[in-house]
Amino acid sequence: MTTKKMDQIITEEEHHPRRFSLAHQASCEALLHKDLKRQSTLKHREQLKQITRGQQVPAHFYGVELIWAADKGNIAFTAVLSGSGDLAPFIGAVITAFGSEGVQMNHIESRKDKSGRGWDLLADCDATKDQLIAAASDLTQNFHDLTGIALYRKNGIEEVPWFPRHISELDRCSHCITKYDPTTDPRHPGHGDEAYIARRKFLNDQAMEYRHGDPIPFVEYTKEEHETWRAVYEKLRSLHESHTCLTYRKNLKLLEDAGVLSPKEIPQIRDVNKYLQKRTGFILRPCSGLLSARDFLASLAFRVFQTTTYLRHSGKPHHSPEPDLIHELLGHDIGLMSLGATDEQIEKLATVSSSMVNPYILVYWFIIEFGLCKENGQLKAIGAGLISAYGELMHACSDKPEHRDFDPVTTAVQKYEDSDYQPLYFVARSIQDALVKLREYASSLERPFSVVYDPFTRSVEMIREFSDFEPALQRFRMEFNSTTLAIDSLSLKKSSPK
C-alpha cells in the first residue's frame, strides 16, 4: 500500500494522540511516590520528636523511616554518629546511652569527619525500635556535642517498596493514577455524552467493587456496544492476514473455533477467563482503567491480567487513546495465549523501582504493546496496542516510520512518543525471540532479592538467602522425581518384549 493511500486512511480514521501510556504512568507514579514518601517522613519525624519527649533526634532521612517501619523484633542496623567535641567523651556517651537502653553494639570504629574538626563513629548494632528510640533520645539529651545520627540497614539491605505476596493482595493493586476521562477532557470522543459517561461510571464502579475470589460479574452490553464491537472486529479482521503475525492469527482462530470470540457480540470476560485459564494458566479480573505501571506488572507476576469492561465511544470506534475492552480482548488476551504458564520473565518484572522511569517498563511497552516482527520479509504486528487500533496498525507496518531491530538495551533508553503515532518501532525476529530477549534483559534487574512464584499457593516468595530457596527446591524435587518416574516408565515399556 502506498504512503499516500495510508495517509488517507489514517485521516479518515481521525486518529487522536495516545496521551496515557504505561511509561507515562511510571513517570507519574515515581513523582507521586517520591512526594508521598517525603510527606510520610516529615510526619514520622514529628511523631518521633513527640515520642522522645520533645527532643529533636537528628536522624538521617532514611533513618527515620527505618525506625518507623520496624516491627517489635530486633533491627540489625549501622549507626553513623557525628560529634563536634573530643573523641573520648563522645565514645563514652554513645556506649553509655546505647548500653543503658539495651542496644547491642557488635562493632564500633571512629574516624575524623570531613571538616577535620569533629568525629564520626560507625557502630554495627542490634536493637528493638523502642530501644533504639530511647538510646537516641538519651544521647541527644545528655551529649550536647552530637551533630547527627544516620541509620542504615545492615548488610546493605535496601528498602523495598510494597508489592503483593499473594494473589489476594491484588485487591490493593487497582490504582489508576491518570485517566483519559470523558467527564473532564473535551478531546475525549465521549465528552458531553451523558449516557456514555453514566455507562462507564456504572461499569467502572462494578470493577472497583470486585475482590479476589468473587465471580466475575456478568455485563449486559447494549445494542450500540455490540455494534461498536462488530465494526471494530470486522475492520481489524481485514488486516489480520497482511498485518498481524502468524501466532496471533492461530490463537485468534482457536478462540473463534471454541466460540469464545466472535464478531457477532461482545464476549463475557468470565467466559474468556475460563478458556485462558485452561489453556495458559492466566486469569482475568476486571479493573476500571489504565493501571499504574507497578500494579500492572505486579498483576502479571501472578498470571493475572486486569481488564477494563467498558468500550470506546461509538463515534470513534477505530482508535482509542486509552485501554478498553476491545484493546484487552482483541489485543492482549490473544497475546497471552503465546506466553504460556511457565514464562519466567513475568516474575522478573513483578517488582519495579518507583524511583525513576523504569527502563524495563519502556522495554515492555515498545515490544508487548507496539512491537513488530518479520515473517517472510514482511512486517507483522505482535503488540496489542497495534493489533487493536486500525490506524496505527497501518502506520506501523508502512514505510513511513523508522524500524530497528529489537534490542532491549537500546529500547530501554528510547524516548516514547506520547502525543502521536510512534516515529520508531522495534522489530523482533519472532515472538519467541522477543520473549527470550525479555528474559535475558530482565535477569539483569538489580534489586536486593529475587522472587520465585509458587503456583500451588499462588504466592511470590522473596529470596534473600540460600535458606529461602528451600520451598522452591522442594517443589523442584517433586517435579523432577515425577518426570524421572515417567521417563523410567516409558523406558520400561520400550524395552519390554511385545
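The values are calculated or read from the model by the stated rules, or taken from the named source; none is laboratory data. Only a predicted model underlies this, so the values are computations on that prediction, with no experimental measurement involved. Cβ atoms come from the backbone with ideal geometry, glycine included; neighbour counts cover every protein chain shown.
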**Study point:** Unique residue being outside any loop (DSSP other than H, G, I, E, B) and modelled with pLDDT under 80 when the list is L393, L386, L438, L379
**Key:** L438
Check your understanding: Which residue out of L325, L329, L297, L311 is buried (at least 22 other Cβ atoms within 10 Å of the Cβ) and within 19 Å of F163 (Cα to Cα)?
Key -> L297
Exercise for review: Check I91, I95, I75 and return the single one that is modelled with pLDDT under 90 and either in contact with a strand residue (DSSP E or B) (Cβ under 9 Å, 6 or more places away or on another chain) or closer than 14 Å to I149 by Cα (or both).
Suggested key: I75
Study note, to complete from the structure: Here the residues within the stretch 381-390 that are surrounded by 24 or more Cβ atoms within 10 Å (Cβ to Cβ) and more than 12 Å from H332 (Cα to Cα) are A381, A389
**Study point:** Enumeration of residues in the stretch 229-266 that are loosely packed, with under 14 Cβ neighbours inside 10 Å, outside any loop (DSSP other than H, G, I, E, B) and of a type in the set (S, T, Y)
**Key:** S238, S242
